[in-house]
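The values are calculated or read from the model by the stated rules, or taken from the named source; none is laboratory data. The structure presented is a predicted model; accordingly, all values stated were derived computationally and were not measured. Positions of Cβ are generated from backbone atoms using ideal geometry, with glycine treated the same way; all protein chains shown enter the neighbour counts.
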Amino acid sequence: MNLEALVAPLRADVVSGAAVVARAAADTVRRASVRAPAETAAELRGTLGKLVVHILDAQPAMAPLVSLGTRVLHAADRHGDLEDVRRAVAEEAEAFRGDLEKGTETVGRLASRELPDEGTVLTISSSSTVRATLLYGAPTRQLEVICLESRPVSEGRTLAEALARRGIRTVYAVDAAAGRLLDRVGLVLMGADSVGDRGIVNKIGSAAIAAGAAERGVPVVVTADRTKLLPPRFPQGVDDDRPAEEVWRAPAGIRVWNRYFEVVPTAHVTRIVTEDGAFPPEEVARRRMHLDTPPELRSWADHQRARSVSSKEEPRPRSGV
């Protein structure tokens, strides 16, 4: 079975948020569990372990893929018969998809309590939990929502269109206007691709927005279902270069810098809303300490950390004078 071909659509998805990518990944695992050639449960378990690692390599910034891998590999470990493993993993992958949708709805309902009764809310990118929060709570309040464009793919348009269709007062603005717009904002609401040791990983531009909000005393609320919480010592990759032509087909001599994600320090975050409620970042960090992961995922995390350290230690080429 060509594992790289299986995960190619996941690697190519540069628009969807973490929840959408995770649902697609769950479908990939479910199909593989049924179709992967194997004569024993151990052989199938080995293939699934490799597949999960390939999925993480395809989208290393998205924590729900760690949660998916953990659940399906633990499901495989509970059975010794080949057909039982096939069935258990397929069922777990499908249950994961359902739990994602339930988690989005639950977080949206709980996070809607964080919305002010009136005023302006600013958000960036197109998080499914942010969308659920606003669609659940904004229609009953006198709110204006500012959706930043979220360059280079401009997925902020998708969120703006969804809100406008529900009659929510919506403003669409370029990312560079965030600092100016924060002066009229009462709440910053953002999603998360992961919550881990380094902080909150979200779309590029989020860190400056959170810092600006903190300076102004504006609350920053992050919506993140449980699948976004990473175990301790798991990497939060933000250094992956994306296609330059998304930004500009630049002439020779110009290098285009294009990365999608960055880390928001938890010092600038007021509360993180999960299915269990709204908590300060310190409480979420405590809860992450108890998360468990299979050995394949821990090995992947160790390798990613070692590679990151190695790349930082490599001497940079000096520019000519």
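Would you say V85 is modelled with pLDDT of 95 or more, β-branched (V, I, T) and under 25 Å from the mean Cα position of the chain (by Cα)? Give the steps one after another, and end with the answer.
Values: modelled with pLDDT of 95 or more: yes; β-branched (V, I, T): yes; under 25 Å from the mean Cα position of the chain (by Cα): no.
Here the answer is no, as V85 does not meet what is asked.
So in region 88-110, with the set limited to residues that are over 22 Å from the mean Cα position of the chain (by Cα) and surrounded by fewer than 21 Cβ atoms within 10 Å (Cβ to Cβ), which one is nearest to V34 (Cα to Cα)? Full working, then the answer.
Going through region 88-110, the residues over 22 Å from the mean Cα position of the chain (by Cα) turn out to be 88-91.
After this cut, where a residue has to be surrounded by fewer than 21 Cβ atoms within 10 Å (Cβ to Cβ) as well, the list is 88, 90-91.
Numbers: A88: 10, A90: 7, E91: 11 Å.
My answer is A90.
Looking for whichever is in contact with a Gly (Cβ under 6 Å, 6 or more places away or on another chain) and within 25 Å of V247 (Cα to Cα) here; the options are L159, L148, L122. Which one fits? Before you say what the answer is, go through the steps one by one.
Values: L159 fails: in contact with a Gly (Cβ under 6 Å, 6 or more places away or on another chain); L122 fails: in contact with a Gly (Cβ under 6 Å, 6 or more places away or on another chain).
Exactly one residue qualifies, and that residue is L148.
Within the group A111, A192, A164, which residue is among the aliphatic types (A, V, I, L, M), in contact with a strand residue (DSSP E or B) (Cβ under 7 Å, 6 or more places away or on another chain) and at pLDDT below 95? Walk me through how you get there before you give the answer.
Details: A111 fails: at pLDDT below 95; A164 fails: at pLDDT below 95.
Every option except A192 fails the conditions.
From the set of residues in region 159-181 that are without any contact (Cβ under 8 Å) to a residue 40 or more places away in the chain, outside any strand (DSSP E or B) and buried (at least 18 other Cβ atoms within 10 Å of the Cβ), which is nearest to the chain's Cα centre (by Cα)?
Checking each candidate, the answer is L159.
Select from region 15-30 the residues that are among the basic types (K, R) and at pLDDT 95 or above and list them in ascending order. It would help to see each step written out before you state the result.
Of all residues in region 15-30, those among the basic types (K, R) come to 23, 30.
If the condition is that a residue be among the basic types (K, R) and at pLDDT 95 or above, then R30 is the only one that fits.
Which count do you get for residues in region 58-87 that are charged (D, E, K, R) and surrounded by 15 or more Cβ atoms within 10 Å (Cβ to Cβ)?
Filtering region 58-87 for residues charged (D, E, K, R) gives 71, 77-78, 81, 83-84, 86-87.
Subset that is surrounded by 15 or more Cβ atoms within 10 Å (Cβ to Cβ): 71, 86-87.
Total meeting the criteria: 3.
Considering only region 29-43, state which residues are surrounded by 12 or more Cβ atoms within 10 Å (Cβ to Cβ) and assigned to a loop (DSSP other than H, G, I, E, B).
Those that are surrounded by 12 or more Cβ atoms within 10 Å (Cβ to Cβ) and assigned to a loop (DSSP other than H, G, I, E, B): A36, A38, T40.
Residue-wise test of (1) of a type in the set (S, T, N, Q); (2) buried (at least 24 other Cβ atoms within 10 Å of the Cβ); (3) touching a residue at least 12 places away in the same chain (Cβ under 8 Å).
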residue	(1), (2), (3)
S112	yes, no, yes
S126	yes, yes, yes
V130	no, yes, yes
T140	yes, no, no
E144	no, no, yes
